[in-house]
Every structure is written in C-alpha cells, then in structure tokens.
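For reference, the structure is listed below as structure tokens.
Rule-based calculations on the coordinates, nothing more; no lab input. Because the structure is a prediction, the values reported are computed rather than measured. Note that each Cβ is placed from the backbone with ideal geometry, even for glycine, and that neighbours are counted across all protein chains shown.
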Amino acid sequence: MSSGPSIQDHELLLAPGDVLLLATDGLAELSRSDGTFLGPEEISLALAKRARGASAAELIAAMLEWLEEQRGGAEFADDVTMLVVKLSEPSPG
C-alpha cells in the first residue's frame, strides 16, 4: 500500500524585487532534442536573466519562449505548469 504524497513545510523570506517560480516536475523533466535535461541551475539562470524589469506575466511568457527554444521541437513528455510570484517594490509615500 502506498503511503501517499510526502508534504514538507518550508518557510522562505522574500524581499521586494524577489521572484519565486513554482513549477510542476514537467519543467525539470523537459528534454532537449539531444536527450539532455534542463537542470535547476540552468532554469534559475534563465529566470534571473529574464526577471529584471519584467512583470510576472511577462516573465512567464519569456520563460515559455525560452523553453520552446530549449526543447528544439522535441515533444513535451509531461505537462509544464509554472506560477511566478514577483514581489513589488514598495510605493514611495
């Protein structure tokens, strides 16, 4: 009998300007046409490169475009779902 999913509780302090990407395992399991997989470091770098000055919606669009480039026409083996949380800078005043 399966013990079911494992749930872990984590606390993360975010500051204005920080970006949090939540994604299904399909993102990490995305393979390129040569069969190599994207690693967490590569995904983090791609996110950081596209985050400056972008809204959360623009960041999702940029990441989807990057994923299309990376997979080079290869089929998605799994669904890819992403949620971006971007903390706004406080308004002056």
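Computed from backbone phi, the HN-Hα couplings of region 73-83 come to x, 5, 6, 6, 7, 8, 5, 10, 10, 10, 10 Hz, rounded to whole numbers (Karplus: 6.51 cos²θ - 1.76 cosθ + 1.60, θ = phi - 60°; Gly and Pro given as x).
Value of Rg to Rh for region 19-86, rounded to two decimals, is 0.94; Kirkwood radius and Rg both from alpha-carbon coordinates. Taking amide hydrogens as placed 1.01 Å from N in the peptide plane, the amide H of ALA74 sits under 5 Å from those of SER33, each at least 5 positions away in sequence or on another chain.
Let me know the charge dipole size of the chain about its Cα centre in debye, to the nearest 20, where only the beta-carbon of Lys, Arg (+1) and Asp, Glu (-1) is charged.
Values: 6 positive and 16 negative charges, 62 e Å.
For the chain, the charge dipole is close to 300 debye.
What FRET efficiency comes out for SER55 versus SER3 if R0 is 30 angstrom and r is the Cβ-Cβ distance? Round to the nearest 0.05. About 0.15, to the nearest 0.05. Think of the chain as a dipole: +1 on every Lys or Arg Cβ, -1 on every Asp or Glu Cβ, centred on the Cα centre; then among SER88, LEU20, GLN70, SER88 lies furthest on the positive end.
Output the relative contact order of the chain, whole-number percent, from Cα pairs under 8 angstrom with separation of 6+ residues. Let's see the in-between values first.
Details: 90 pairs, mean separation 43.3, N = 93.
Computed value for the chain: 47 percent relative contact order.
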